[in-house]
Amino acid sequence: MRIVTGSWTAWGAAVALALLLASCARHQTDPPQASSSSTVAGAPSFSGRQAPSPETSPPAWPMTITIEDAVLMALENNRALSVQRLNPDIERTFEQQERAAFDPVFSADASVNETDTDDRTGAAGGGSSTSGAAGVRELLPTGTMIELGLTTGPTPSAAAAAGDQTTHAALTVTQALLKGRGVAVNLADLRQARLDTQFSEYELRGFAEALVAEVEETYWDYVLARRQVEILNESLNLAQQQFDETRQRIRVGDLAETELAAAEAEVALRREALINARSTVDTLAARLARLIRPSAPPSAGRQVTPQSEPTVSAESLEPLEEHIAVGLQMRPDLNQARLLVQRGTLNLVKTKNGLLPRMDLFVSLGKTGYADSFGRSVSDLGEGDDLSVGLSFDYALGNRAERARHRSAVLTQQQLDESLRNTEDLVRQDVELAYIEVSRARQQVDATATTRKFQEEKLRAEMAKFRVGRSTALLVAQAQRDLVVSQVSEVAATTNYLKARTDLFLKEGSLLERRGVSAPGRQPVQPDRSQ
């Protein structure tokens, strides 16, 4: 259908409307970021108490650090975490790639043709002609394609004079009526890319929390190992004193010579245990040094002195239900599962739209100018107007591929929903088991302290009986070993309690918050109601 009009009014109104539609569409493709995406505007970062910077203030060795310093240094220096920090920035580049689908595209071409004959008359003595085209097109999230083009070239009419130029300007608007229509389907890829960015931020948060938990557990294991060395060293000195006393009493005839073997064997056993304990200290020191300072020299671990002492705070745990509620909000893997469900919903939107046939409505408004030069033909564009309106239709019979894609998306969405519910159940179980372990570890602290007191009394009684000849060196050695075990168990119970609390906070996803560290992925995923 072609309608001819002789006024610029329709042309100006159409251009203004097209520009207005494009402006509104750009606003739709750049909505404000959701609160769950990131706590910072730029690259993901971790903030809290200021830790020493490896470039500005390298720590001196030997190093005395608290557990808080160890955590912050690990967050600043750990190489694996530095690798993970780049993932959200990488994902944001995919957001920009999807956003580029709605950017205006400018195109242009030009050509010069040399001919031996006149293209219009066929007579000899042709010449050269110049033609060209330029245009801008933009796809809007509504499924609207706006194209503005300008073409120029020789006038194709045989009656036209040689060298006449024709310039044509056209504004074409194509609107998808079925397939490809609507903001929901056209922004689905961009929204999925944004969900992928949020997914990477929760992944980064989970990695950071696991790193903090590893640092704290290694720190307390190192404290326990050092304390065990101290206990075993005192025990060795005590066994050596016992051996010297036994040998002296054998020399004066108070004890039989057979008692010396038991005392000497006890000294050897304590020395063997001390050697193993010192090796454990060196191993844990090396692990801790690598966590907080990867570039540290190999011997740096032996120069790390922990300053924090394992103590049990008087504060009690919150009820189990509160910890479970926190876990259902903060656990990074659970929030990732929620994002996957949202991503699957967007995929459903795309595949459901793909079931529809493609039917597009197009409207083209054009103007043509004729003159003997390009400049004059542009100024004479008002001489001829044309308006074209039409429909295009396209549908694959049976639509088998699109039906299969939609069926796959439906099944995948069901799978993601079940996976989300399963993850929620696992979070509840993880938090409950960690809570039980904290309660057990707390009771063990008091129990081991009582056991250690009784073992001290038992050793004092056994040594008193030995001095008056009513006990043997073997019984005294056994009492000493029991005391050493109880002393180590008491310290181990305290460190196990502290590690159990760390594990509980890790299982509920609040470890970084409780340590005063701010990181991306702090807010739980909220339902997306824009789809």
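Of note:
- Highest average first, the peptides 219-226, 182-189, 76-83 ordered by how many other beta carbon atoms sit within 10 Å of their residues are 219-226, 182-189, 76-83.
- Computed over segment 242-314, Kirkwood Rh from alpha-carbon pairs, angstrom: 15.9 Å
- Computed from point charges on the beta carbon alone (+1 for Lys and Arg, -1 for Asp and Glu), the dipole magnitude for segment 155-263 about its Cα centre is near 860 Debye.
- Measuring between their Cα centroids, segment 414-434 and segment 235-285 lie 54 Å from each other.
- Put simply, the amide H of Ile65, placed in the peptide plane, has neighbours under 5 Å in Thr305, Gln307, leaving out anything fewer than 5 places away on its chain.
- Using the average count of surrounding beta-carbon atoms within 10 Å as a protection proxy, the listed peptides 279-285, 68-74 rank, highest first, as 68-74, 279-285.
- Partners for Lys458 among aspartates and glutamates (Cα-Cα distance below 17 Å; same-chain residues under 8 apart left out): Asp482, Glu490
- Ordering 313-319, 386-392, 456-462 by mean Cβ neighbour count within 10 Å, with the highest value first, yields 456-462, 386-392, 313-319.
- Using a Förster distance of 22 Å, the FRET efficiency for Arg358-Ser388 (Cβ separation, nearest 0.05): 0.70
- List Ile250, Ile231, ordered by accessible area with a 1.4 Å probe, largest first: Ile250, Ile231
The values are calculated or read from the model by the stated rules, or taken from the named source; none is laboratory data. If you're wondering where the values come from, they're calculated on a predicted model, not measured in any experiment. Because the Cβ atoms are built from the backbone with ideal geometry, glycine has one as well, and the counts that use them run over all protein chains shown. Areas reflect the complete protein model, heavy atoms only, side chains present, ligands, DNA and RNA absent. Shrake-Rupley method; radii C 1.70, N 1.55, O 1.52, S 1.80 Å.
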